[in-house]
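Participant: The structure that follows is given in the form of structure tokens.
Nothing in this text is a laboratory measurement; each read-out follows from the coordinates by a stated rule. Being a predicted model, the structure only gives us computed values, none of them experimental. Glycine also receives a Cβ, built like all others from the backbone with ideal geometry; neighbour counts cover every protein chain displayed.
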């Protein structure tokens with residue numbers, strides 16, 4: 001993950017030659033004696049930026065922050081991947097090897113390959129999102145990716161949000177291909193907001209209409225659709241239907257009442273098999289927490305969470321204590337969500353890394369679209385927690401009641 005942005009930190013990490021090349025395009029720093037500046041001598045450069053025209057300074061700060069967001073391992077990876085895409089055909093691996101670090105590489109891509117950077121930052125942002133909702137019953141139909149289909153999709157989204165939520169009068173969609181995944185980044189107009197801003201040394205109140213974001217990811221091999229959006233189940237169903245109509249040219253029903261993607265109930269047993277294969281690159285998997293509904297006795301939930309670092313069975317030891325102390329039967333419990341942690345085997349000189357994620361019934365998962373997260377997705381299928389490829393029946397639905405949370 002890229003570090004928090006600050007101008008001083010950015011200037012310390014960026015090579016002077018690259019800063020000089022970038023700033024000269026904005027007419028900044030032309031009076032600096034660059035030849036006499038040593039690396040990390042940031043004060044003269046910072047003062048030159050501070051002395052620039054307000055609009056120029058704002059642009060520089062915005063650019064630096066965008067570059068900083070891709071200054072991590074994930075950013076390097078997505079930049080290299082996007083570079084070799086058929087739309088760019090640029091091999092950036094050598095550039096990454098020659099750079100002193102992720103920030104220099106991201107900065108150089110921004111300066112020398114702006115088209116690659118522009119698309120890669122969208123993918124990197126999407127990769128970092130943690131709440132995707134999946135649907136896998138889409139029919140066999142080739143997606144339309146023409147300008148006309150995108151325009152239809154824009155109109156459909158705008159009409160929906162205007163009529164349902166009184167926003168979204170304007171909408172812009174950008175479409176990109178990424179391997180087997182097709183992305184639609186939608187930006188409908190949000191409600192007006194006001195904020196205090198500085199303008200030419202004066203504090204003023206300004207109103208504006210920002211855009212909010214809806215991302216659609218269609219996996220051509222799985223025939224699945226992931227959506228990242230604010231809204232309830234009804235909104236999700238309408239977004240899925242609009243996508244199918246505008247992009248696939250088919251009509252699909254609302255979310256089926258029995259559609260289940262994830263069912264973690266098997267994790268109620270400490271003996272639930274979680275097999276690993278050598279090619280997974282995963283040393284161990286641990287259950288960090290379980291959230292359970294009490295079936296048939298009111299809408300009550302129990303959260304069992306424990307430190308599993310020292311004891312891999314800590315959650316189950318606590319669950320045994322809860323069942324004994326509360327005189328509950330495991331037959332009354334249904335696991336609706338679980339938090340799991342994978343420990344990845346170190347590669348070469350790299351350090352051991354872990355991935356913690358949550359999966360919930362019926363279709364909630366915090367996994368992102370990154371390589372290690374893709375491994376976790378495959379493991380969920382192997383373990384039978386991802387049940388999207390087979391029919392499942394819903395458990396008895398608890399009646400409304402009191403919620404209770406237990407935590408260690």
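Participant: Take the Cα radius of gyration of region 49-191 and divide it by 2.2 N^0.38 Å, with N its residue count; two decimals is plenty.
Facilitator: Rg over 2.2 N^0.38 Å, computed on Cα atoms: 1.25.
Participant: Report, to the nearest 10°, how far helix 371-383 tilts away from the longest principal axis of the Cα atoms in the chain, using its own Cα long axis and a range of 0 to 90°.
Facilitator: Rounded to the nearest ten degrees, it is 10.
Participant: Compute the length gained on full extension between residue 56 and residue 320: take 0.36 nm times their separation in residues and subtract their Cα-Cα distance, giving the result in nm to one decimal.
Facilitator: Length gained, residue 56 through residue 320: 88.8 nm.
Participant: How would you rank 134-142, 97-105, highest first, on the average number of other Cβ atoms within 10 Å across their residues?
Facilitator: Highest to lowest by the protection proxy: 97-105, 134-142.
Participant: Oh, and also: Extending each Cα 7 Å along its Cβ direction at residue 4 and residue 147, get the distance between those two points in nm, one decimal.
Facilitator: So the two model labels end up 4.4 nm from each other.
Participant: Extension gain residue 86-residue 170, at 0.36 nm per residue separation less the Cα-Cα distance, in nm?
Facilitator: 27.1 nm is the gain from fully extending residue 86 to residue 170.
Participant: Of the candidates 14, 324, 376, which one comes out as most mobile in a Gaussian network treatment of the chain with C-alpha springs shorter than 10 Å?
Facilitator: Top of the fluctuation ranking is 324.
Participant: I need two numbers for the chain: Rg to one decimal and Dmax as a whole number, Cα atoms only, in Å.
Facilitator: According to the Cα coordinates of the chain, Rg and Dmax are 25.1, 78 Å.
Participant: Quick one: 24, 228, fewest Cβ neighbours within 10 Å first, how do they rank?
Facilitator: Starting with the residue having the fewest Cβ neighbours, the order is 24, 228.
Participant: Against the longest alpha carbon principal axis of the chain, how many degrees, from 0 to 90 and to the nearest 10, is the axis of helix 16-25 turned?
Facilitator: 80 degrees
Participant: Fewest Cβ neighbours within 10 Å first, please rank 242, 292 accordingly.
Facilitator: Result, fewest neighbours first: 242, 292.
Participant: Something else about it: Go ahead and set up a Gaussian network model of the chain, Cα springs under 10 Å, then flag whichever of 283, 127, 190 fluctuates most.
Facilitator: In this elastic network of the chain, the residue with the biggest mean-square fluctuation among 283, 127, 190 is 283.
Participant: Taking the number of other C-beta atoms within 10 Å as the exposure measure, put 284, 308 in order starting with the fewest.
Facilitator: Ordered from fewest to most neighbouring Cβ atoms within 10 Å, 284, 308 come out as 284, 308.
Participant: How far apart, in nm, are two points set 7 Å out from the Cα along the Cα-to-Cβ line at residue 65 and at residue 180?
Facilitator: The two pseudo-label positions are separated by 3.7 nm.
Participant: On a 0 to 90 degree scale, rounded to 10, what angle separates helix 147-165 from the longest Cα axis of the chain?
Facilitator: 70 degrees
Participant: Still on this model: Give the distance, in whole Å, between the Cα centre of region 301-349 and the Cα centre of region 185-229.
Facilitator: 37 Å
Participant: What is the projected area of the convex hull of the Cα atoms of region 132-248, averaged over all directions, in nm²?
Facilitator: Mean projected area for region 132-248: 8.8 nm², to one decimal.
Participant: Expressed as a whole percent, how much of the Cα-Cα distance distribution for region 7-127 exceeds 18 Å?
Facilitator: Result for the distance tail: 50 percent.
Participant: Given the options 96, 120, 347, which has the most mean-square fluctuation in a GNM of the chain, springs set between C-alpha atoms less than 10 angstrom apart?
Facilitator: Among 96, 120, 347, the largest mean-square fluctuation in the Gaussian network model of the chain belongs to 347.
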